[in-house]
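Written out below as structure tokens is the structure these notes cover.
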Amino acid sequence: MAMAYPKLYNVLSFYLATIIAISQFLISILPYLNPITLLITLADALLSIYLRSCGLCPCTVELDDQTTMNFWVANSRRSNKPALVMLHGYGGNSKWQFIHQVGSLSQSFYLYIPDLLFFGKSYTNRLERTEVFQAKCVAEGLKRLGVERFAVYSISYGGYVAYWLAEMYPELVEKVVVVSCGVGMTEEQKREQINKVGSNALNLLVPESAHDLRLLVNLTMHKPGPSKWVPDIFLHGFINVTYKQHRKEKLELAEHLLRKKADIDLPILTQETLIIWGDKDDVFPVYLAYQLQRQLGPKSKVEIIKDTGHAVNMDSPISLNALITSFVLGYS
């Protein structure tokens, strides 16, 4: 009989969370008139419900009077599962990017998923636009949530943040997973990739039109699947929901990343590091994975996933989840 009470509590908590999420959605749609935007907003609300069903809840952390970070955090910590921090890239907020991973990874880890500054509900009035500042904010937020030790999994832009997070806070970060990230690129390599993408690199990172978003999907995904048939009107709705807010600040983050000088003295991380790449990555060529491994030395290793583009989390989530889990838990 006693065993029934925790189960009943979990069921009631889930339904209460569902009601709250639906209520928040109904309030959020009032400013919108576009029916397609309403549909995407509903999908965003359903994603929130899905994350709650995976044992996560949203949490807002006020870092100071100018900076706020939104996290999705584990509801409770009643077992010995390790903590895993997940850092997203530029393709929307954390909910959309990790939709194929939260369910699987939450079975093995207590998940902590921040929206980086200017994504989702995270924001600052400060003028810093560096990955170092992002890393400091993530670390401070995790400390206030009581997370003392954790592994970090990061993809693309999130990899830059994770690298500095691990370098500056070795007492917090146990292991590092870097996926499809150009950290360690030389100046020449960066120019080559920017020229390859073209003059519209910023518009691809922060798309304003359906055309730009379609180009971004085609560039980052080797297996775009049904997404290539999505009508432009739905892509406009997605842009309105996920990219329109804080667009100016997102562009400033991207400008800093593209225009800053290469880190010729990139620090060597002390943590074990797993570097994962898709062999069809058109954003950061696969040789950059081995270049980063040579930089980090014997405590790092590379895993290449076949028939996979830059967006490994979308192209090959099952393989990616398995690699993350085995590495962090120490399986061979």
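Worth pointing out:
- Placing +1 on the Cβ of every Lys and Arg and -1 on the Cβ of every Asp and Glu, with no other charges, gives the chain a dipole of roughly 600 debye about its Cα centre.
- Per residue, the accessible area of the chain comes to 48 Å², computed with a 1.4 Å probe over protein heavy atoms only.
- Selection from ILE304, TYR331, LEU292, by position along the positive dipole direction of the stretch 244-332 (Cβ): LEU292
- Segment MET168..ARG126, full-extension length gain: 13.1 nm, with 0.36 nm per residue of separation and the alpha-carbon distance subtracted.
- Surface accessible to a 1.4 Å probe, SER209 within the full protein complex, Å²: 40
- Given LYS95/LYS306; LYS121/LYS301; LYS95/LYS136, the pairs whose alpha carbons are separated by over 32 Å: LYS121/LYS301
- Estimated [θ] at 222 nm from DSSP helical runs (n ≥ 4, -39500 (n - 2.57)) normalised by residues in the chain, nearest 500: -14500 deg cm²/dmol
- Paramagnetic label zone (point 7 Å from Cα along Cα-to-C-beta, ILE268; backbone N under 11 Å) in the stretch 298-316: 298-300
- DSSP beta bridges in the chain [antiparallel fraction, %, rounded to 5]: 35
- Spin-label model, ARG149/LYS223: points 7 Å from Cα along the beta carbon direction are separated by 3.6 nm.
- Near VAL138, once Lys and Arg are set to +1 and Asp and Glu to -1 for all other residues with Cβ below 12 Å from its Cβ, the sum equals 0.
- Cβ-Cβ FRET estimate between ASP279 and ILE233, R0 fixed at 35 Å, reported to 0.05: 0.55
- By a 1.4 Å probe calculation restricted to protein chains, ARG191 has an accessible surface near 130 Å², given to the nearest 10.
- Carbon plus sulfur fraction of accessible area for the chain, probe 1.4 Å, in percent: 59
- Other residues with beta-carbon under 15 Å from the beta-carbon of ILE155 carry, at +1 per Lys or Arg and -1 per Asp or Glu, a net charge of -4.
- Net charge in the neighbourhood of PHE119 (other residues with Cβ under 14 Å of its Cβ; Lys, Arg +1, Asp, Glu -1) is +2.
- Largest mean-square fluctuation among SER122, SER76, SER154, in a Gaussian network model of the chain whose springs join Cα atoms under 10 Å apart, belongs to SER76.
The values are calculated or read from the model by the stated rules, or taken from the named source; none is laboratory data. Since we're looking at a predicted model, the values are computed, not measured. Positions of Cβ are backbone-derived with ideal geometry, glycine not excepted, and every protein chain shown enters the neighbour counts. Each accessible area value is taken on the protein alone, full model and side chains, heavy atoms only, with ligands, DNA and RNA left out. Shrake-Rupley method; radii C 1.70, N 1.55, O 1.52, S 1.80 Å.
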